[in-house]
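Below is one structure, written out as structure tokens; comments come after it.
The values are calculated or read from the model by the stated rules, or taken from the named source; none is laboratory data. Computed from a prediction, not measured in an experiment: that's the story for all the values here. All Cβ positions, even for glycine, are placed from backbone atoms using ideal geometry, and neighbour counts span all protein chains on display. Please note that ligands, DNA and RNA were not included when accessible areas were found on the heavy atoms of the full protein model with its side chains. Shrake-Rupley method; radii C 1.70, N 1.55, O 1.52, S 1.80 Å.
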Amino acid sequence: MTLKERLQQLVRSAPPGTLVPVEGLAKLIDGAEEEGADLAVEEVGRLAAERFGRKSAYTPAAIRKWIRSGLRGVRLRAYPSGSGYRVRRREFEQFVSAVRNQQVDGGEPVLQRASGYDPELEDEISLGQRAYAANSR
């Protein structure tokens, strides 16, 4: 539940004439800051690069592909926001974990080098970027 939704719930559940203590609102706002704000696709690209051991950030187009089609059979859950998407931090962490633990052909989990570099992930992203470029001509 977003901070706005929690504040709306608080206001609607209070009887008329209720005085709201400022300390309670401060705790609610502080709790929302600890959870972290939802992420834009650019932020997801930067964080995904860190998690997957890539030097440069993934493009917003790659992130949108993960949202629409998935990566290794795992879709990144997001919600529309304005002209783009937003991703809840919790959903992003679950996506990263699922992609890392995804099994190939029912065999062993995909193994990564100690550096965290995953050549299969790199190849999959490159193929997606080439396909995107070919379709946008």
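Would you check if there is a residue in region 65-72 being of a type in the set (Ser, Thr, Tyr), closer than 24 Å to Ser136 by Cα and in contact (Cβ under 8 Å) with a residue 60 or more places away in the chain?
No, that holds for no residue.
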Near pairs, Cβ below 8 angstrom, 6+ apart or cross-chain, from region 2-17 (under 14 Å from Ala37 (Cβ atoms)) to any residue that is among the β-branched types (Val, Ile, Thr) and at pLDDT below 75: Leu3/Ile29
Residues (of a type in the set (Gly, Ala, Ser), without any contact (Cβ under 8 Å) to a residue 60 or more places away in the chain and surrounded by 14 or more Cβ atoms within 10 Å (Cβ to Cβ)) located in region 38-57: Ala40, Gly45, Ala48, Ala49, Ala57
Total residues in region 5-19, condition assigned to a loop (DSSP other than H, G, I, E, B) and of a type in the set (S, T, N, Q): 1
Members of region 91-128 that are modelled with pLDDT of 90 or more and open to solvent by 90 Å² or more (accessible area, probe 1.4 Å): Gln94
Selection count, region 58-84, where residues are at pLDDT 90 or above, touching a Lys or Arg at 6+ places or on another chain (Cβ under 9 Å), farther than 15 Å from Gln94 by Cα and open to solvent by less than 50 Å² (accessible area, probe 1.4 Å): 1
